[in-house]
Every structure is written in C-alpha cells, then in structure tokens.
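Okay, structure first, notes after.
The values are calculated or read from the model by the stated rules, or taken from the named source; none is laboratory data. Note that the structure is a prediction, hence the values are computed from the model and not measured. So basically every Cβ, Gly included, is an ideal-geometry build from the backbone, and we count neighbours across all protein chains shown. Keep in mind that these areas ignore ligands, DNA and RNA; they rest on the heavy atoms of the full protein, side chains included. Shrake-Rupley method; radii C 1.70, N 1.55, O 1.52, S 1.80 Å.
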Amino acid sequence: MKFLYYTIFLLLISPVVLAQKNTIDDVMRHAKREAEKGNYDAALALTEPLSVKFPENEEIKIYNGRIYSWKKDYNASIKILEPMVDRINPSPDALLAIINTYYWSQQFDKCITYCDRYLAIEPNSLDVLRIKVNCLEKLNRDKEALAIIEKVLITDNSTQAFRGVRTLIGEKATNAISASYLNISTSSPGQSPLHYVYVEYSHKFTKSALVGRANAGHVNGDSQMLFEADYYQTFAKKNYLYVNGGVSTGETVFPVAKAGVEYYFVPHKKFDYALGVRYMHFETEDVTLLTGQLAYHIGANTISYRPYYDTTNELFSHVLSFQNTNEEKESIIRFELQYGNVPYLYLYNNLTQPLRSYRAGIQYQRRLGNSFFIRPVFLYEYEEYLPDAYRNRFNVQVILTKRF
C-alpha cells in the first residue's frame, strides 16, 4: 500500500519539479546570452527574481555574483559570494568567482587568501596558481611568486603565463653589469684588426637611470681609454631624456671628448619619435651630428628610421631597421641597413670628405635563465676608405649582461 502512495506522489511531483528545472534553465540561458553581449543589467533583471524564487539554488547566486563583477560592481559581487565561501565547506565555484572579483578589483591580499582556500581543495589548479602568482608580484612578494613558478615549471608544460610573470619580476632588477668585445677586420685590402672592449654598470632609480662605462681600444698598436656616463630621465607623460658625456686618455682611438643629448617623445598611436644632437671633439676638429628617430610599431615588430647629419662635413647618413621583440622571453632580433658615415656605437671618424659606406647588420639578444643576457652583433660594410676605392669591413661584437 505504501508503495502505491509513493508512486502516486512521485507521479504528481515530477512534472512540477521538471517544469521548475525547465524554467530555471530557460531563464539562465537567456541571461547568459545577455551577459555575453555585455547587457549586464538585462541579465540581472532575469536572474535576480529567479534567485528570490529559488533561494536554495547556489548556482544562480554565484552567477549573479559573476555578473556584478563583470559590470565592476565589486562590492555587490562580494556581498553575494561571501556567505558561500566563508563557511566550513565553501563552494568551489563561489571561490573561483570571488577570486576573480578580488583580483579585478586589485584587492590582492584578499585575493591571495581565497586562492589559498581554493588550492586547499584543488592544489594543482593552474588558473588559480597563475592568479596567486600575479597577486604576489603586484605586492612585490617576488620570492614567493618565483617559488611557485619554479614548482609549476617542473610539474607542468603549460607555463606561458607564469613565464610572463617571471619576466616582470626580472625587470624589477635595479642593477646590471655588462661586458663587451668588438673586433673590426677588413679585407681587400686588409689591415690589422681593431679591438674594442667595455665594461659598464647601470642602476635604475624610480624615474631615472645612470650608467657608467669604461671603454678600451687597441688600434694600430696604440691603446687608449674612454670613460663615459649615460643618464636617463623619465617624465610624467612617459617622455624621457637621454644625456651622454665622456672623455678619453688619447686623441686617435676615441674622440678627446664627447657629449650628446636626445629627447624621446611619448608614443602617438603606433608611432614614436625622438630628436637629438651628438658632439665630438677630435684632435684636429670638432664634429656635430644632428639625429632623431621615427618608429612604427606593428604588434611585436618595429620599423624605424634614424638619420644623421654631420654639420661639420655636411654629410647625411641613414639607418633603416626592423626589430622583432618577444617581451615574455626578453629576446630581440634586429636587422639594419645603413648608408653613409653612420657612427657605430661610440666610434666615428672625423672625415673631411664625403666617403660612402653601405652596411647590413643583424643582432640578437637572448636571455639565459632569469638574469643573464647574451647579445651577438654582426655588421658587414662595403666601405669607401679612399675616393673610389672600396674594401670589406666586418664588425663582430658580443655583449654579456647580468642584472641583479
């Protein structure tokens, strides 16, 4: 007899339950379509009455919390989600929702707290680990972030986002030491190779940077040194100023003295540009170079043009370059085409007649580990060393950098 009663009861109640479920599913589908279009108020107009009608349904509440976070009403989102996460057995879906809410609202300490609660349930969640690492980096708790990253790199291959954070942490380093060797050789006709080395130390301040550099050159049996300093100053609108100055111990390998200044303007859309002047005092005369830059950015690629005008000798020179940058790996590959008497780094001849030179070069930067960089440079020149007389010139350089 009891079995008959239960059967009749289930037959009566099942259509009601099914109708309720169909009503909830239909309304939620409609609400999700509105939310996907960015119509958050329209979505809430559908889900909030549903939540009042079915207060025991946490799925609806969680979705309401997500909608409020998407429309950046973070306090309303937290108010809905907190009761479901601050209990003994928190809802994992509610935890994920409140983690995003605190992260998007830049409440990083709170976000880390709820990340830890979720990781106690799902310790290998890459999405939550990524958010926690980002929060730690924002709070300058870099050692904790790196410890998590190293652990993830060992156990998982899907680590692109973690490498990006590791790059951000590495870029916070305020000090760097670099060493370079440059060899210049010629053929047809050839001469003794020229050798140049430098060691430099740089330090970044909040809105400026200072670089000290000692150069040594060995040319035709003569060795001399050049001591330089570079200064960078960033301004409020992200314009920045570059200033350079140096003196040498001789008069032939390097200029006796040199100075330069260049102002880089804030990028305008995809363009950035700069204007500058370089001055070099040689034993017999002074050289002034007017220069500047116009660059166009296409995603990770940059095409730039830099002219030089030697006011003393009335010579125009040109550099056209293409550079691809991988910000995550901090790698660079750069191709250059040059024409004229372009200064190579700190080297420039005080020519008194318009000798021409054609150059093509490539350089590549690669990060090794977290803080070492290697940058090989190769530049080939077809050089007019005397009027109507040309030779081959090969510039090979390697730069090593350690930041800390």
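Placing unit charges on each Cβ (+1 for Lys and Arg, -1 for Asp and Glu) gives the chain a dipole about its Cα centre, and among Asn89, Thr284, Asn175 the Cα reaching farthest toward its positive end belongs to Asn89.
Please compute the per residue accessible area over the range 259-307 with all protein chains in place, 1.4 Å probe, rounded to a whole number of Å². Don't jump to the answer; show the numbers that get you there.
Values: 2730 Å² over 49 residues.
About 56 Å² of surface per residue is accessible.
Summarised as an ellipsoid, the range 125-207 has semi-axes of 42, 18, 9 Å, derived from the eigenvalues of the Cα gyration tensor scaled by 5 and square-rooted, with the largest first.
Determine the gain in length on full extension of the stretch Leu139-Leu126; use 0.36 nm per residue of separation and subtract their C-alpha separation, reporting nm with one decimal.
Details: separation 13, 0.36 × 13 = 4.68 nm, distance 1.99 nm.
Additional length available on full extension: 2.7 nm.
Let's test the formula: R0 of 25 Å, r as the Cβ-Cβ distance of Glu150 and Ile333. What FRET efficiency results, to the nearest 0.05? Don't skip to the end; give the middle numbers.
On the way: r = 28 Å, r/R0 = 1.11.
It comes out at approximately 0.35.
The share of alpha-carbon pairs in the range 268-332 lying farther apart than 20 Å comes to 44%. What residues of the range 166-180 lie in the reach of a label at Leu400, counting those whose backbone N is under 14 Å from a point 7 Å from the Cα along Cα→Cβ? From the range 166-180, the list is 177-180. Annotation: peptides 263-271, 287-295, ranked by per-residue average of other Cβ atoms within 10 Å with the highest first, follow the order 287-295, 263-271. Max-minus-min Cα coordinates of the range 163-257 on each principal axis give 50, 33, 21 Å, with the largest extent listed first.
Let me know the shape class of the range 66-143, please: from the alpha-carbon gyration tensor, a ≥ b ≥ c as square roots of the eigenvalues, rounded when a/c is under 1.5, otherwise prolate if a/b is greater than b/c, or oblate. Don't jump to the answer; show the numbers that get you there.
On the way: a/c = 1.97, a/b = 1.19, b/c = 1.65.
Cα axes put the range 66-143 in the oblate bin.
Looking at the calculated P(r) for the range 270-404, what percent of the C-alpha pair distances fall above 18 Å? Walk me through the numbers before you get to the answer.
Values: 5641 of 9045 pairs.
Looking at the range 270-404, the distances longer than 18 Å represent 62 percent of pairs.
In the chain, the portion of solvent-accessible area held by carbon and sulfur atoms comes to 59 percent [1.4 Å probe, whole percent, DNA, RNA and ligands not counted]. Looking at the range 83-179, the accessible area is 52 square angstrom per residue; that uses a 1.4 Å probe and ignores ligands, DNA and RNA.
Take the Cα of Lys37, step 7 Å toward its Cβ, do the same at Asn239, and the gap between the two points is 4.6 nm. To the nearest 0.05, how large is the calculated FRET efficiency for Leu275 and Asn57 if R₀ is 51 Å and r is the Cβ-Cβ distance? With R0 = 51 Å, the Cβ-Cβ based efficiency is 0.20. Here the relative contact order of the range 86-148, from alpha carbon pairs under 8 Å that lie six or more residues apart, stands at 27 percent. Across the range 78-118, the relative contact order, built from alpha-carbon pairs under 8 Å that are at least six residues apart, equals 34 percent.
A value for volume of the Cα convex hull per residue in Å³ was derived from the coordinates, and within the list [x] 166; [y] 155; [z] 195 it appears as [z].
In percent, rounded to a whole number, the relative contact order of the chain is 9, using alpha-carbon pairs under 8 Å and six or more apart.
Given axes a ≥ b ≥ c from the Cα gyration tensor, I'd like to know whether the range 37-86 is rounded (a/c under 1.5), prolate (a/b larger than b/c) or oblate. Please report the intermediate quantities before stating the final value.
Values: a/c = 2.37, a/b = 1.13, b/c = 2.11.
Verdict is oblate for the range 37-86.
To the nearest 20 debye, what is the magnitude of the charge dipole of the chain about its Cα centre, counting +1 on the Cβ of each Lys and Arg and -1 on the Cβ of each Asp and Glu? Before the final figure, lay out each step's value.
Numbers: 45 positive and 43 negative charges, 230 e Å.
Dipole of the chain, to the nearest 20 debye: 1100 debye.
Reported to the nearest whole Å, the Cα centre-to-centre distance from the range 39-99 to the range 233-305 is 55. Protein heavy-atom accessible surface, 1.4 Å probe, per residue over the range 186-233: 54 Å².
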